[in-house]
Each structure stands twice: as structure tokens, then as C-alpha cells.
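Only one structure is covered here, and it is reproduced in the block below.
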Amino acid sequence: MKVFLVAGARPNFMKIAPIYRASLAVTGVDCRIVHTGQHYDYEMSEAFFDDLEIPQPQYFLDAGSGSHAVQTAKIMLAFEKICEKEKPDLVMVVGDVNSTLACSIVAKKLLIKVAHVEAGLRSFDLTMPEEINRMVTDAISDCFFVTEESGRLNLLREGKPEESIHFIGNVMIDNLLHQLEKIKNVQGSMFRVQGLKVKGPYAFLTLHRPSNVDDKKTFTGIAEALNTIAKDLIILFPVHPRTKKMIEQFKIRFSENIKLMPPLGFKESLYLWKDAKVVLTDSGGLQEETTALKIPCVTIRENTERPITVELGTNVLAGTTKKGILKAYQQCFAKVKTASIPPLWDGKAAERIMKVLQSIK
Ligand code: UD1
């Protein structure tokens, strides 16, 4: 079976790494990596290939940035060409970025089977571009790999046949556990950020959702909450390119206890957040990863498509107001005591995916 494994943006790379690795250990599954080029800066893309031990992509589509329509269209045009030429048996897409949407549509229209990894997640918030990507991808996929029970239930509710849904666990956690093992053997001095870690308790922050950073009032309120938390704790803040642009545009002021830095590679980032007292984030992946390592997590969003992280895990949903964020910050430490790790988040999700692929005729 010739499989195109599609990745385009930063969070995709963490998901394809374990899938690609697992494909090497089985017979009958020939995975080829397609990088759409949605993310392209060294630290948003190539650094992850190096860090996560992903080989160079067989196909690079060079789509780049643009409006959603422009970016999606560019990916579709380029992906159609390689699908027509190479005729894969299956296109596997991961997550919920524009590359996920673009490549699933192209494949399906060429009558190529589509498998979606991390299927069925729903925030029910259609103002999020990712929610639209998730819904459309799931509407046309043939095979669904889900990370949590809510995904299975959402897909059943949407009329998907039970036998097409496979609860296999979480490839993001496969990658996390693999990388955690790797950094055990790496000297701290290998990391550019090593010096930041030794100065006592700290928080780790990521922020990049358009709904949080593209709106001046919302971003200002979030910054005020962070500046208050920074009176307690140093906050380490690797800044996403979108966020950097908006900080400059809105002239957002951060306390000097908030240490801004360029985007980090996966290992460097893990090296910092795994020992953080708390993670403050609006990322999807970090909500899951903090749950897996039982680190307190404050999610700066109104909703989450990953409810298991709140139900079982360490995640506290804060909303985006100053008051909500400070309240969640107070609550998050107690939650860790009762938190548990969701079923099948055990580092073996990609192996289970391979078993399913081997059974597809
Ligand atoms: C995308 C995903 C989002 C994911 C995020 C992780 C969609 C709809 N959004 O959002 O789900 O959580 O990636 O990072 O697919 N830029 C650079 N260098 C790069 C890439 C982007 O400077 O390598 C800048 C560009 O100016 C671009 C902006 O960042 O306009 C936003 O990039 P884009 O890929 O459009 O969306 P993200 O906000 O990164």
C-alpha cells in the first residue's frame, strides 16, 4: 500500500514522526512524506524534521503563507499534480490545519481513500478555522483514527459507520514519550535555552490563535493577566510569527518577568515545559501533552475540542478574559492531584494505526 503522509504546519510534524517510524517496522505499508510548505521558516519547519528524526520529505509543495483561500488553493493545485502522477492508494492526513483540509479534498475527488488521524474532535466553534478543517475532512474521509471517546461519539453522531472508526490512542503522545526518552540522554548544555531553566520555578507560555492575538482588546486583556501572573513567576514565552507581528502592531507591553524568545524546536521546548510549574497555552497539542505528563495547564480559550484533557487530565479552561485566566491559574494546581492519563495514551498509537492499515484491502 502506497501511503502519502501529509504534513504542512508545525503541529503536524509531531504527529507524522511516530507514524512514519512505525511504518518502517511493518511490511506492506510504504509511507511517503508530503510537506505542503504551509510552514516554511527554519524554526517552524526544518528544525522539527531534524529534531523529530523525520527524513527529508519525498515531496515538497512550497505552498507558503497567504489568506486561507490562497493557501488552501495553492496546496490543492500542487497536491493534485503529485497524486495524479504517483497514484497513492491512501492519503493520510493529520490534525486540523489548512493542509489537512486541502489534501483530503484533492485525494477524495481523485477517488483515493483518505484516512484522518485525530478525527472527530470538535470545539463546535465555527469561528475557528481548524473546526471547519476538522468537519470538512471528517465529512469526506474513509477511515478515522481517534484519540479520545468524544471523537468516536462525534463521528457516530455524524453518521460514520462504526467499523470505519478506530480508537487507537494519540500519536502526539507517542512522539512526546519518544522524545522525552531522547532528551534524558542529552546534556542540558546542548540547549540554547538551558540558562533560562535554572532560575527557580517558572511558567511556560504559548499563544498564537488568531482569536487571541489578532484582536487588540482580547490580546491586551490576556497580556494584563500574564503580567499579573508574572509577579509570581517568570514566564518563558517562545513567540509564534503571527503573535510577534501582532505584538508589534498593537504595541503590547509585557512585564520584564516575561521572557520573549523566538520559536523553539520540539526538544528545546519540551526541555523547558516538562519542568514548568504551569503551562499557559492556546495550543491544542500542549493541552494533551501536559495531561500526559501531569503538568498543570491553563488553556487560554473559550472551548476545547479535546474535552478529555479537562475531564481526566490537568487542563483548566480559562476563557480569554483577565479574570478568567487568573481564576484558572489559581485552580490549576489542585487539579493535578486527581488527574489521570486518558486511555491508550501509551506511546503505541502509531503501531495500532499500522495494524489497521495492514487490514485494509
Ligand atoms: C497554523 C494552523 C494552526 C496551528 C498553527 C501552529 C491553520 C488554519 N492554522 O496557524 O491550526 O495551530 O499553524 O503554528 O492551518 N509565518 C511565518 N513563518 C512560517 C509560517 C508562518 O512567518 O514558517 C507567518 C506568516 O506571516 C503567516 C502567519 O505566520 O501569515 C500565520 O501562518 P499560517 O500558517 O497562516 O497560520 P498559523 O497561525 O501558523
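Rule-based calculations on the coordinates, nothing more; no lab input. On a predicted model such as this, the values are computed, not experimentally measured, just so you know. All Cβ positions, even for glycine, are placed from backbone atoms using ideal geometry, and neighbour counts span all protein chains on display.
Check which residues have an amide H placed less than 5 Å from Gly265's amide H, if you skip close sequence neighbours. Amide H to amide H, under 5 Å and 5 or more residues apart or across chains, Gly265 pairs with nothing.
Sorted fewest first by neighbouring Cβ atoms within 10 angstrom, Ser141, Ser211, Ser99, Ser65 come out as Ser65, Ser211, Ser141, Ser99.
What FRET efficiency would be calculated for the residue pair Lys216, Gln331, taking the C-beta separation as r and a Förster radius of 25 Å, to the nearest 0.05? Don't skip to the end; give the middle numbers.
Numbers: r = 28 Å, r/R0 = 1.11.
It comes out at approximately 0.35.
Here the alpha carbons of the range 278-352 define both size measures, Rg and Dmax, at 12.2, 43 Å. Mean-square fluctuations from a GNM of the chain, with a 10 angstrom spring cutoff on Cα atoms, peak among Leu111, Leu176, Leu280 at Leu111.
Which value, in debye to the nearest 20, describes the size of the charge dipole of the range 282-361 about its Cα centre when Lys and Arg Cβ atoms bear +1, Asp and Glu Cβ atoms bear -1, and nothing else is charged? Provide the component values of the computation, followed by the final result.
On the way: 12 positive and 8 negative charges, 25 e Å.
The calculated dipole for the range 282-361 is roughly 120 debye.
How large is the convex hull of the C-alpha atoms of the range 199-274 per residue, in Å³?
In the range 199-274, the Cα hull volume divided by residue count equals 87 Å³.
Distance between the 7 Å Cα→Cβ label points at Asp30 and Glu84: 2.2 nm.
Two decimals is fine: what's Rg over Rh for the range 1-61, C-alpha atoms, Kirkwood radius as Rh?
0.96
Across the range 131-148, computed HN-Hα scalar couplings (Karplus, 6.51 cos²θ - 1.76 cosθ + 1.60, θ = phi - 60°) run 5, 5, 4, 5, 5, 5, 4, 5, 4, 10, 6, 9, 9, 10, 9, 10, 9, 8 Hz from first to last residue, x flagging Gly and Pro. Sorted fewest first by neighbouring Cβ atoms within 10 angstrom, Met44, Met246 come out as Met44, Met246.
Apply 1/(1 + (r/R0)^6) to the Cβ-Cβ distance of Phe124 and Ser67, taking R0 = 22 Å, and write down the FRET efficiency to the nearest 0.05. Each step should come with its number before you reach the end.
Details: r = 24 Å, r/R0 = 1.11.
About 0.35, to the nearest 0.05.
Pair-distance distribution P(r) for the range 153-220, from all Cα-Cα distances in 10 Å bins starting at 0: 13, 20, 27, 26, 13, 1 percent.
Computed over the Cα atoms, what is the radius of gyration of the chain divided by 2.2 N^0.38 Å, N being its residue count? Kindly include the intermediate steps, with their values, before the conclusion.
Details: Rg = 19.7 Å, N = 361, 2.2 N^0.38 = 20.6 Å.
For the chain, the normalised Cα radius of gyration comes out at 0.95.
Residue by residue, the range 265-272 carries 3J(HN,Hα) couplings of x, 5, 5, 4, 5, 4, 4, 7 Hz when phi is fed to the Karplus relation 6.51 cos²θ - 1.76 cosθ + 1.60 (θ = phi - 60°); x denotes Gly or Pro.
With a Cα cut-off of under 23 Å and a minimum spacing of 8 residues unless on different chains, the lysine pairs in the range 7-121 number 17. Which part of the range 322-361 falls in the paramagnetic zone of Met1, meaning amide N under 15 Å from the point 7 Å along Cα-to-beta-carbon? Only 350-361 fall inside the zone, counting backbone N under 15 Å. Each label point was placed 7 Å from the Cα along the Cα-to-Cβ direction; for Lys323 and Lys182 their separation is 4.5 nm.
For the range 118-252, what does the alpha-carbon gyration tensor say about shape, rounded, prolate or oblate, given a ≥ b ≥ c as the root eigenvalues, a/c under 1.5 as rounded, and a/b over b/c as prolate?
Details: a/c = 2.87, a/b = 1.43, b/c = 2.00.
Cα axes put the range 118-252 in the oblate bin.
The range 141-191: percent of C-alpha pairs farther apart than 13 Å? Provide the component values of the computation, followed by the final result.
On the way: 819 of 1275 pairs.
Counting pairs separated by more than 13 Å, the tail of P(r) holds 64 percent.
For the range 182-222, the residues whose backbone nitrogen is under 15 Å from a point 7 Å from the Cα of Lys277, taken along Cα to Cβ, are 197-205. Cβ crowding within 10 Å, taken as a proxy for footprinting-reagent exposure, orders Val146, Val3, Val193, Val70 from fewest neighbours to most as Val70, Val193, Val3, Val146. Taking θ as phi - 60° and the Karplus parameters 6.51, -1.76 and 1.60, the scalar couplings of the range 275-287 work out to 10, 6, 6, 8, 10, 10, 7, 10, 7, x, x, 5, 4 Hz in sequence order, x denoting glycine and proline.
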